[in-house]
Structures are given as structure tokens and as C-alpha cells.
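Following: one structure in C-alpha cells, then a few remarks.
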Amino acid sequence: MAVLLLLAVVAGVVSATRPRTELPAGSPEAVVQDYVTAVYDRDLGAAAEHLDPDGKCDLEDLETAWVERDARVVLRDVDVDGDRATVRVDLVHTDSTPFGGSEWSQEEVFRLTDAGEGWVITGSPWPMYACDLPEGVRP
């Protein structure tokens, strides 16, 4: 039992100390990486700076969103078409148990537009899901 616990602790430390992947500066995937990092670090002001200023999601929506901060984020793919981009990531969650954990992932899709000064995230991105709904429909 002690060996399994030690292995779980070592795996957690190795996972937490992995270096951040450097993405091309100014790219849609770098914007998503900076946004997700800011959300995980609870630097919501910095995260909100990556949102479309003309969109309906803002800092207040981020403040009310729930985030599991232990999930890993894995870049799946990026599709750029002119001034529009789609970035797909997997949020990989681990349930830690004494006999090894189970993993499950959820795909999140970020849609971005080139606002002239750089890429901004549009719509209702993770971890917000309803801020672009009409007021009477919002949870």
C-alpha cells in the first residue's frame, strides 16, 4: 500500500512540474493556452483580457464559473481559416485512488476571431457555458 501511495505522489509531482509547451507567440493556440493558464491560476482579469470585448462573456461570468484546477490540458488540433480559428483541447481529469486513478477527458472547443490587435476568444468558452444566452434563459 505504501509503495502505491509513493508512486501516486511521484506521478503527481512529475505531472505538476512538467514544463509548459511553448507555442508560436500570437497564435490562436497560444491565446487559448494563456487563457486556460490564467483561469487555472485564478487570474481572472488576465483571462478576461483574452475574451472578445464585443462578446457577452466577461469577468463577472468567469468569477461565477466552477473550475477543477487539477485537470491537464492537451492540445488536440487547431484550424485557422482567415480571421477565424478553432482550437480543440482535452481537459484530462484524474480520480486519485489508492489503487491508481482513472482518467476521463472532456473535449472543449474554443472559437477565436482575429480582432486586428490579435486573436480573441468568442462565444461561451470553457468554463462558461451560458453567458451568451438571453438573460431570461441563463441559469
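The values are calculated or read from the model by the stated rules, or taken from the named source; none is laboratory data. Note that the coordinates shown come from a computational prediction; the quantities given were computed from them, not determined experimentally. Just the protein is used for accessible areas: all its heavy atoms, side chains included, with ligands, DNA and RNA removed. Shrake-Rupley method; radii C 1.70, N 1.55, O 1.52, S 1.80 Å.
Roughly how many Å² is the accessible area per residue of segment 29-71, as a whole number, for a 1.4 Å probe? Before the final figure, lay out the partial values.
Details: 2410 Å² over 43 residues.
Computed with neighbouring chains in place, this is 56 Å² per residue.
Of the heavy-atom accessible surface of segment 93-136 (probe 1.4 angstrom), what whole percent is carbon and sulfur?
On the way: 1290 of 2590 Å².
Answer for segment 93-136: carbon and sulfur cover 50 percent of the accessible area.
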